[in-house]
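Report on the structure given below.
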Amino acid sequence: MASPPPAVDEDEILAEIRERIRRKRETGVYGPEVDAALRLPLPGGRPLFSEELGDALPALREAIDEPFEYDPRSRKPVVGLFVTAARRLVMGLLRWWLAAASERQDRIDRLTFRALLDLRERPSPGFDERLRHLEEGWARFRRDLVAADLHSVYFQARFGGDEPVIRRQSERFLELFRGRSRVLDLGSGRGTFLELMRDSGIGAYGVDLDARMIETARSRGLDVREADALEHLRALEPASIDGLYARHLAEHVLPGELVAMLRECRRVLAPGSPVVFVTPDPRTLSVGAHTFWLDPGHVRPIPPDLFRFYLEVEGFEDVDLVTFEPSEGERLREEGDDAARHNARLLNEVLFGDRDYAVIGRTPYQRAP
Amino acid sequence: MTVPKAWRFAGPPRAVHQFHPVLAPGDAMSDHVFALRRHLREWGYESHAYAVEAKEGVADVLSYRRLFRVVRPEDMLLLHFSIGHEVFDQLARLRARKVLVYHNVTPPEFFSGVNDHAAVHARLGLRQLAGLASQVDMGVGVSGFDTHDLAEIGFPNTRTVPILIDWSRYDVAPDQSVLAALSSRRTRILFVGRISPNKRQDDLIRMLAYYRACIDPEAQLYLVGSYRDQPQYHARCAALRDALDLSQAVVFTGRVSPAALAAYYRRATVFCSLSEHEGFGVPLLEAMHYGLPVVAHDAGAVGETVGGAGILLARKDLAEAAEACALVAESAELRERLLAAGRRRVADFATEAVAVRTRKALGL
């Protein structure tokens, strides 16, 4: 019989039901005592077999030792006496035959049970080998993706920025962090920013993955820990730091990791704390098409509008963008008539504009309810 | 799906007989047999109900032994199957147009460990059913769920025709003493059906514990249905009720008269089924007939019988089931919509309409 369309919107009703249950959970009306009542086993014997089939192994463990009983008494009036006597007689006569059969069955049951347990402990042959192979392959892929084997010290020596330049760049954010006591520099590198903080009397520490970088930073007397940025954030207590700076880190992680990082930042930063992420600006074509890719560790460039969006979506406020570090070298000459000068200026901006940008935000002053 | 060729050549049958091992009053299966017999006779066929055992209170039932004498090859024999019985094998050897009407067999997993006797019977029944597949001309399931089972077992020629419910039987005045006893205003959750492990009355009792703790401390649960066949399960449900301190809140009525049944339906707030196996589920429709909203766990044929005219819960979660009952009890608007849908749903199973479908399916 064809069913007519449902009289009620079941999804809507289910949503209402689950909301009611959630509220009762929260207010404690639906507490552990009710939970216990809902799970109370049926008294007087084993749980229903149909239920035990849902979780068979523990049930089997108990069922295998369960005694077997048979009551030969008949409840029929008068005739019952004879029936009972006859049953007892037959049971007595067949006792040893049945005992032998049940002994054999018991042996098979126990063997089966043992075999099942063994099988569970020991997965299919070669499983571990295949799993190890996959894990190694995956780890290799992640390493190869960013050429992780390149020595970053050599790399820094060839392509890394000039320390005084980096320090000058960092100084523009100094005012944001003034008066803070526990600023975290994610991907602290040689420690340029941390040194600036120390010189300005701001409490700060760094986290980096590269042991050589950490060594360099520590030799300058800076507080740097060796850890993965995201894992470090996850390990922090809520509202345990009051500022975050990350220069040239975001372009080294996958987009999902970056979002997860921002979410963790929001959690571990105290209300009203500043965050600053500095990354290459792909709007400048010579960066987006060329210099960005000089570092094989760069995963993907992040357009400023996207980065701003990430911060806003994750609940940061007063999000702002600043660009800096103009490209060096020759530019198009801005001469000729007005139109030609205008065009040349536009082209200069697109081709040789600022190389980096910073996205700046702040956690809300009030904790979200 | 057409009527077997051999039937068409031999012309219409003169008699259409029905068999079920046990015929008892107030049992959905037996009511179906009697309602169909009335219609078969109206259509001009000689028709009798045969059984191995006719319980007290049913009249005009003949012994199955007569079938071996009276049935001719062109006659039709409807074998109603809900439990196994050795007589089915004997009847399957008769030369006649044999149709197996399947009301489903409760899987033995529900009885094993609680009532091993019933489990053995159920298993034998399923085994016997498989053997009958090649010996009957047609298999009729009373729900799509049952027909699907028949096809799985290997019945070659299957179709679905719902149970024939004689709605005029429900036109009885509700029992006054029950009405009076239930006159106070409180939430009453009702379930009608034999007390049996597959119907999971134990879950209803646990659900009531939630209902009283989290929704309405005065709510009551009425479990209407015979517990004679499952004394062990009934005793354990009663023990569960006592362990949850619900002795005053859960009522096992045992088997009741049609008048008392009407009174329970009239006085209840909501009909709730947490059954895990139903071949059709007549009480779901009875509830709708009596103007009671239905909340049901979707298992077996429950979903297709409710047919959108109740709140169906796909997942078995007792807290959710209780809140669904509460929602129905509280919202007059939701209640009204469910009742209107229920009335439409019952009309789908109008006696005459189903009788016509049955006649067509059997090629009569």
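FYI, it's all coordinate maths here, none of it is from the lab. Not measured: the values here are computed from a predicted model. Note that we place each Cβ from the backbone using ideal geometry, even for glycine, and neighbour counts take in every protein chain shown.
How about the stretch A:287-369: which GluC sites (Glu not before Pro) there lie in a loop by DSSP and see at most 11 other Cβ atoms within 10 Å? Answer in residue order: A:328, A:330, A:335. With both labels modelled 7 Å from their Cα along Cα-to-Cβ, the residue A:172 to residue A:225 distance reads 3.1 nm. Here the sum of -39500 (n - 2.57) over DSSP H runs of 4 or more residues, divided by the residues of chain B, equals -12500 deg cm²/dmol at 222 nm, to the nearest 500.
Could you calculate the FRET efficiency of residue A:293 with residue A:263 from 1/(1 + (r/R0)^6), where r is the beta carbon distance between them and R0 is 22 Å, rounded to 0.05? The value I calculate is 0.20. What is the percent of Cα-Cα separations in chain A that go past 28 Å? Value for chain A: 67 percent of Cα pairs lie more than 28 Å apart. Counting, for every residue in B:320-333, the Cβ atoms of other protein chains within 10 Å of its Cβ and taking the mean gives 3.
Per-residue mean of foreign Cβ neighbours for A:10-16 is 4 (Cβ atoms of other chains, 10 Å radius). Under the combined filter of DSSP loop state and at most 11 neighbouring Cβ atoms within 10 Å, the stretch A:39-82 retains these GluC sites (Glu not before Pro): A:69. Comparing A:185, A:11, A:55 in a Gaussian network model of chain A, where Cα atoms under 10 Å apart are tied by springs, the biggest mean-square fluctuation is seen for A:11.
Dividing the mean sequence gap of close Cα pairs (under 8 Å, 6+ apart) by how many residues the stretch A:7-112 holds gives a relative contact order of 12 percent.
Let me make sure I get this right: for the stretch B:64-116, a, b and c are the square roots of the gyration tensor eigenvalues over alpha carbons, sorted descending. Under 1.5 in a/c it's rounded, otherwise prolate if a/b > b/c, else oblate. Which is it? Prolate, because a/c is 1.5 or more and a/b exceeds b/c. Structural size metrics of chain B, computed from C-alpha coordinates, are Rg and Dmax of 20.9, 67 Å.
By the Stokes-Einstein formula, at 1.002 mPa s and 20 °C, the protein assembly as shown with its Kirkwood radius over alpha-carbon pairs has D equal to 65 µm²/s. Under a Gaussian network description of chain A, with springs only between Cα atoms under 10 Å, the residue in A:203, A:243, A:336 that fluctuates furthest is A:336.
Over all Cα atoms in the stretch A:258-369, the spread is summed up by Rg and Dmax: 17.6, 60 Å.
Evaluating 6.51 cos²θ - 1.76 cosθ + 1.60 at θ = phi - 60° for every residue in the stretch A:219-234, the Karplus couplings come out as 5, 8, x, 9, 8, 10, 10, 8, 6, 6, 4, 5, 5, 5, 4, 5 Hz, glycine and proline recorded as x. For the residues of A:324-336, the average number of beta carbons from a partner chain within 10 Å of their own beta carbon is 0.
Here residue A:211 and residue A:35 are evaluated by their C-beta separation; at R0 = 51 Å the FRET efficiency comes out at 0.55. Only Cα pairs under 8 Å and 6+ residues apart enter the sum, and on that basis the relative contact order of the stretch B:168-348 stands at 24 percent. Phi angles of the stretch A:31-45 translate, via the Karplus equation with coefficients 6.51, -1.76, 1.60 and θ = phi - 60°, into HN-Hα couplings of x, x, 5, 5, 4, 5, 5, 5, 9, 4, x, 5, x, x, x Hz per residue; Gly and Pro are given as x.
Is the stretch A:56-122 best put as rounded, prolate or oblate by its Cα gyration tensor, with a ≥ b ≥ c the root eigenvalues, rounded for a/c under 1.5, and otherwise prolate when a/b is larger than b/c, oblate when not? Oblate, because a/c is 1.5 or more while a/b does not exceed b/c. According to the calculation over all Cα-Cα pairs in the stretch B:123-186, the P(r) per 5 Å bin from zero is 4, 15, 16, 14, 9, 6, 8, 9, 9, 8, 3, 0 %.
Toward the positive end of the charge dipole of the stretch A:56-122, with +1 on the Cβ of Lys and Arg and -1 on the Cβ of Asp and Glu, the farthest Cα among A:113, A:93, A:60 is that of A:93.
Going from the residue with the fewest nearby Cβ atoms within 10 Å to the one with the most, A:249, B:78, B:150, A:347 rank A:347, A:249, B:150, B:78. Can you pull out the trypsin sites (Lys or Arg not before Pro) in the stretch B:114-192 that DSSP calls coil and that have at most 10 other Cβ atoms within 10 Å? Within the stretch B:114-192, the qualifying trypsin sites (Lys or Arg not before Pro) (loop, at most 10 other Cβ atoms within 10 Å) are B:185. Neighbour counts of other Cβ atoms within 10 Å put B:93, A:190 in the fewest-to-most order B:93, A:190.
In the stretch A:195-294, the C-alpha radius of gyration followed by the widest Cα-Cα span (Dmax) gives 14.9, 41 angstrom.
Could you go through the stretch B:256-273 in sequence order and give the Karplus-derived ³J(HN,Hα) for each residue, using 6.51 cos²θ - 1.76 cosθ + 1.60 with θ = phi - 60°, rounded to whole Hz, and x for Gly and Pro? Result, rounded to whole Hz: 10, 6, x, 5, 5, 4, 4, 5, 4, 4, 5, 8, 7, 8, 7, 9, 10, 10. Reported value for the stretch B:168-348: 108 Å³ per residue, from the convex hull of its C-alpha atoms.
Using every Cα-Cα pair within the stretch B:284-364, state what percent have a distance larger than 15 Å. That fraction is 60 percent. Taking the square roots of 5 times each eigenvalue of the Cα gyration tensor of the stretch A:1-158, largest first, gives ellipsoid semi-axes of 57, 35, 17 Å. In straight-distance terms, cross-link reach from residue B:55 covers every one of the lysines whose alpha-carbon lies under 22 Å from its own, apart from those fewer than eight places away in the same chain; here that gives A:76.
Label sites at residue A:198 and residue A:313, each approximated as a point 7 angstrom past Cα along Cα to Cβ, lie 3.9 nm apart. Dipole magnitude for the protein assembly as shown: computed about the Cα centre from +1 point charges on Lys and Arg Cβ and -1 point charges on Asp and Glu Cβ, it is near 3980 debye. All Cα-Cα separations within the stretch A:131-240 were binned at 10 Å from zero, giving a P(r) of 13, 37, 32, 14, 4, 0, each value a whole percent of the pairs.
Note that the stretch B:24-177, at 37 °C in a medium of 0.692 mPa s, gets a Stokes-Einstein diffusion coefficient of 196 µm²/s from its Kirkwood radius over C-alpha pairs. Taking the number of Cβ atoms within 10 Å of each Cβ as an exposure proxy, the fewest-first ranking of A:230, B:362, A:269, A:131 is A:131, A:230, B:362, A:269.
Based on Cα atoms of the stretch A:161-362, Rg over Rh with Rh as the Kirkwood radius reads 1.00. Scattering from the stretch A:234-273 was approximated by placing one identical point on each alpha carbon and applying the Debye formula without solvent; log10 I(q)/I(0) at 0.17, 0.27, 0.32, 0.34 1/Å stands at -0.45, -0.95, -1.08, -1.12.
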